[in-house]
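The values are calculated or read from the model by the stated rules, or taken from the named source; none is laboratory data. These figures come from a predicted structure and were not determined experimentally. Reconstructed Cβ throughout: ideal geometry from the backbone, glycine too, with neighbour counts over all protein chains shown. Remember, those area values only see protein heavy atoms, side chains included, never the ligands or the DNA or RNA. Shrake-Rupley method; radii C 1.70, N 1.55, O 1.52, S 1.80 Å.
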Amino acid sequence: MNRDNIISSSECNYQPVCNSGVIDPVTLCQCDSDCNEPKGCKDSLVAKIPVVLSECAIQIDVECDIRLEEKAFDIKTIDKKVCLTQCHLVPHTNKLFIEGFVQKNIQYSTVECVNEDSISGNVQHTTLNVPFKCCTAINFDKSPEFGKNFKTRLTAIDNNMCCPDTHEDSWIHYNKYHEPVYCELQWEKILESDIYNRNRMCAEGFTDECCFLRFTEKMVVYIGIKVLQNRQVYISNKYDDCDKYDDCDKCDDCNKCKCDNCMPEKY
C-alpha cells in the first residue's frame, strides 16, 4: 500500500519536460574596421535636396470605446504609437489634411479562479488601431512651388488678309511639373484617461470590485510634423563665414543684407 501510495503521489506530481532552451550560442570576435573622413565637393554646386516648408505641432483629440476579448480585472500596461496614412497639402492653400491611427497594444489580467485569499488568471493582450483624421492650417516658412500649364490656340489670317484662316489651327501646349509636397513625422506625445465600465462580477469572495469588458478612452494626441518639398538649391563655397543665412534668405534684395555672400531667395 505504501509503495502504491508513493507511485500515485509521484504520478500526480509529474511535470512535462520543457522544450525551451538556448540553441547554438556563439561568441563573436571583433572585426577590424577603418573609418575614413567623409569627403565632398568643395566648389559651388547645385543640389536637389528636401527643403523644409513648415514645422508644426498638431493636437488631435480622440475618444473611443474599446471592447476586450475577455473580462479584465485590471490593465497591466498599454503601449502606443502613431502611424500616419495620409498627409496631404491642397495646392495654393495652407490646409493640411492628416489621417492615421493610434496603434494600441493592451495587456490585461483575467480571473480564472478565486478564493477568499487570492485570485489567479492569465495575462491577455489585444492590439487595435484607433483611427483619426483632421484638417489644420499651417504657416509656411518657405512657400511651396507648384507647376503651371496652359493651352493656347493660334489663328492665322487667310490669304486675302480679311478673315481668320479656317483651314489651319495651331496650338501651344505647356506643362511645368512640380515636386510633390510630403510630410515627415518627427515626434509624438499621447495623454490619455481610461474610464472602466466595471459591471461584471468576477471575484466574489475576494473583493467587491467587479471586472470590465468595455472601457472608454479619451486621448489628446500631439504630433510634430515637418512639411518638405524637394528643391534645386544653389550652395556656394564662399558661404562658410556667413552666419546671416536666415536674414539674408528672407530679403527681397540680397544686396540689402549685411552678408555679402548670402543666398538669393529664389533659387
Q | Checklist (1) surrounded by 10 or more Cβ atoms within 10 Å (Cβ to Cβ); (2) touching a residue at least 60 places away in the same chain (Cβ under 8 Å) applied to Lys42, failing item | A | (1)
Q. Which of the residues that make up region 95-120 are farther than 18 Å from Met201 by Cβ and buried (at least 16 other Cβ atoms within 10 Å of the Cβ)?
A. Leu96, Ile98, Gly100, Phe101, Val102, Lys104, Ile106
Q. Which residues, counting only those in region 183-199, are within 16 Å of Lys71 (Cα to Cα) and open to solvent by 80 Å² or more (accessible area, probe 1.4 Å)?
A. Ile195, Tyr196, Asn199
Q: Just give me the residues in region 45-55 being open to solvent by less than 50 Å² (accessible area, probe 1.4 Å) and modelled with pLDDT under 95, in sequence order.
A: Ala47
Q: Filter region 65-94 down to the residues that are open to solvent by less than 70 Å² (accessible area, probe 1.4 Å) and in contact with a Pro (Cβ under 9 Å, 6 or more places away or on another chain), then identify the one that is farthest from Cys211 (Cα to Cα).
A: Pro91
Q: Within region 54-63, identify whether any single residue is under 26 Å from the mean Cα position of the chain (by Cα), of a type in the set (Val, Ile, Thr) and under 30 Å from His178 (Cα atoms), and answer yes or no.
A: yes
Q: Tell me which residues, restricted to region 209-265, are at pLDDT 80 or above and open to solvent by 90 Å² or more (accessible area, probe 1.4 Å).
A: Arg214, Gln232, Tyr234
Q: From Asp117, Asp141, grab the single residue that is among the charged types (D, E, K, R) and farther than 30 Å from His92 by Cβ.
A: Asp117
(Q) When you check Val123 against the structure, is it within 30 Å of Ile75 (Cβ to Cβ), open to solvent by 50 Å² or more (accessible area, probe 1.4 Å) and touching a Phe, Trp or Tyr at 6+ places or on another chain (Cβ under 6 Å), yes or no? (A) no
Q: Exactly one condition in (1) in contact (Cβ under 8 Å) with a residue 24 or more places away in the chain; (2) among the hydrophobic types (A, V, I, L, M, F, W, C); (3) assigned to a strand (DSSP E or B) is not met by Ala203; state its number.
A: (3)
